[in-house]
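What follows draws every value from the coordinates through simple rules; no lab data is involved. From a predicted model like this one, the values you see are computed outputs, not experimental measurements. No Cβ is skipped: glycine too gets one built from the backbone with ideal geometry, and neighbour counts run over all protein chains shown.
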Amino acid sequence: MHVSAELAGEDLLDALRATPATEYLVVEDTGEIYGVLSAADVERAFVKAMARPS
């Protein structure tokens, strides 16, 4: 699975929900690989962000 390096926020979460996987290649528009995104890391970051007082 892969996601665009340009995705962020809700757009990124929507892409991850549409194609569930444990890891994603993060790819630049040029096709160059930017890195690897772990679904577990995204989940941890989301939970941590939701736990912060508003």
Problem set entry | Under-5 Å amide H pairs with residue 3, H placed in peptide plane, nonlocal only | 25, 26, 27
Problem set entry | Cβ-Cβ FRET estimate between residue 6 and residue 47, R0 fixed at 30 Å, reported to 0.05 | 0.80
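What's the longest piece of the chain with no exposed GluC sites (Glu not before Pro), counting a site as exposed if DSSP puts it in a loop and it has at most 12 other beta carbons within 10 Å? Present the calculation step by step, with values, prior to reporting the outcome.
Working: sites that count: 6, 28, 32.
Value returned for the longest uninterrupted segment is 33-54.
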For this session: Mind checking which of 22, 47, 1 is farthest towards the positive end of the chain's charge dipole, using Cβ charges of +1 (Lys, Arg) and -1 (Asp, Glu) about the Cα centre?
Result: 47
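Can you give the net charge of the other residues whose Cβ lies under 10 Å from the Cβ of residue 5, counting K and R as +1 and D and E as -1?
On the way: positive: none; negative: 6, 28, 29, 32.
Result for the local shell: -4.
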For this session: Grab the DSSP H runs of the chain that are 4 residues or longer, score each as -39,500 (n - 2.57), total them, divide by all residues and round the 222 nm result to the nearest 500 deg cm²/dmol.
Result: -13000 deg cm²/dmol
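At a threshold of 8 angstrom on Cα-Cα distance, excluding pairs fewer than six apart, so keeping six or more, what relative contact order does the chain reach in percent? All intermediate terms of the calculation are to be shown ahead of the outcome.
Numbers: 53 pairs, mean separation 16.9, N = 54.
About 31 percent, as a whole number.
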Exercise. Quick one: putting +1 on the C-beta of Lys and Arg, -1 on the C-beta of Asp and Glu, what dipole do you get for the chain around its Cα centre, in Debye to the nearest 20?
Worked result: 400
Problem set entry | From the coordinates shown, Cα extents along the principal axes in Å corresponds to which of (i) 39, 19, 18; (ii) 30, 23, 15; (iii) 36, 22, 14 | (i)
